[in-house]
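In what follows, a structure is listed as structure tokens, so that the remarks can point back to it.
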Amino acid sequence: DVKVTQSSRYLVKRTGEKVFLECVQDMDHENMFWYRQDPGLGLRLIYFSYDVKMKEKGDIPEGYSVSREKKERFSLILESASTNQTSMYLCASRWAGPLYEQYFGPGTRLTVT
Amino acid sequence: GNSVTQMEGPVTLSEEAFLTINCTYTATGYPSLFWYVQYPGEGLQLLLKATKADDKGSNKGFEATYRKETTSFHLEKGSVQVSDSAVYFCALKETSGSRLTFGEGTQLTVNP
């Protein structure tokens with residue numbers, strides 16, 4: 001079974017803090033993704049990575065950065081958290097190639113106060 | 001650019017009722033289409049998919065047919081159960097890419 005894990009299910013941080021969200025997959029997937037999920041907006045892509053040390057901006061990258069030093073791990077970084085970054089964050093991964101599906105982690109609900 | 005539009009929710013049904021959740025899309029070329037489901041407190045799981053026009057995806061009693069002429073991929077189930085209560089997302093992926101574009105999601109609640 002494919003497993004995508006995220007470091008925390010719930011996280012509370014203060015405005016201005018640096019926040020790290022970690023995602024790990026155990027299936028040697030090349031591609032990894034970070035989304036945020038907000039009611040009425042669906043999932044919006046923040047960043048994705050085709051492979052180790054490669055990253056590409058998604059639709060809403062402002063205020064975020066990412067790191068992929070190892071194939072199995074993809075980190076999302078909020079350099080200075082703000083209240084408008086309160087959201088559910090979902091990580092996903094997949095094998096490269098046109099027919100493969102994305103597998104999702106359980107999500108991290110981040111609250112910035 | 002690509003976009004996916006789902007019917008406005010939430011949807012509330014009684015057990016054994018018929019379900020339709022509408023999904024239409026805008027895309028260039030011939031995208032693949034997906035329905036994902038998110039049960040309470042969990043991440044998204046792939047429910048079904050279709051990769052070319054007139055394909056029908058099916059799983060767990062749910063079905064959706066890829067209609068290129070109407071750019072639609074409506075989700076249907078003949079008899080819903082309480083355990084189907086979840087959020088359903090329609091999504092598309094361009095043939096050559098790896099990114100998914102999601103719709104807004106539709107909350108389904110099934111009452112006994």
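The values are calculated or read from the model by the stated rules, or taken from the named source; none is laboratory data. Model, not experiment: these values are computed from the prediction. No Cβ is skipped: glycine too gets one built from the backbone with ideal geometry, and neighbour counts run over all protein chains shown. Just the protein is used for accessible areas: all its heavy atoms, side chains included, with ligands, DNA and RNA removed. Shrake-Rupley method; radii C 1.70, N 1.55, O 1.52, S 1.80 Å.
Some points to look at:
- Counting only residues that are at positive phi and either more than 7 Å from chain B (Cβ to nearest Cβ) or polar (S, T, N, Q) (or both), the stretch A:90-113 holds 1 of them.
- Qualifying residue in the stretch B:43-58 (condition: of a type in the set (D, E, K, R), farther than 13 Å from B:Lys93 by Cα, assigned to a strand (DSSP E or B) and modelled with pLDDT of 95 or more): yes
- The residues of the stretch B:4-19 that are more than 13 Å from B:Lys93 (Cα to Cα) and within 12 Å of another protein chain (Cβ to nearest Cβ), listed by number, are B:Thr5, B:Gln6, B:Glu8, B:Gly9, B:Pro10.
- Options A:Val12, A:Val2; residue that is out of contact with any Gly (no Cβ under 8 Å at 6 or more places or on another chain) and more than 22 Å from B:Ser32 (Cβ to Cβ): A:Val12
- Leading residue by the ranking (surrounded by the fewest Cβ atoms within 10 Å (Cβ to Cβ)) among those in the stretch B:20-62 that are over 27 Å from A:Gly105 (Cα atoms) and within 13 Å of another protein chain (Cβ to nearest Cβ): B:Gly29
- The set of residues in the stretch B:69-78 that are assigned to a loop (DSSP other than H, G, I, E, B) and either in contact (Cβ under 8 Å) with a residue 24 or more places away in the chain or touching a Gly at 6+ places or on another chain (Cβ under 7 Å) (or both) comprises B:Thr70, B:Thr71, B:Phe73, B:His74, B:Gly78.
Listed here are the residues, each with its yes/no results for (1) within 15 Å of B:Phe102 (Cα to Cα); (2) part of a strand (DSSP E or B); (3) open to solvent by 20 Å² or more (accessible area, probe 1.4 Å).
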site	(1), (2), (3)
A:Thr5	no, yes, yes
A:Ser8	no, no, yes
A:Val12	no, yes, yes
A:Phe20	no, yes, yes
A:Met27	no, no, yes
A:Trp34	yes, yes, no
A:Gln37	yes, yes, yes
A:Val52	no, no, yes
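- Single match in B:Phe73, B:Phe89 (criterion: aromatic (Phe, Trp, Tyr) and within 11 Å of another protein chain (Cβ to nearest Cβ)): B:Phe89
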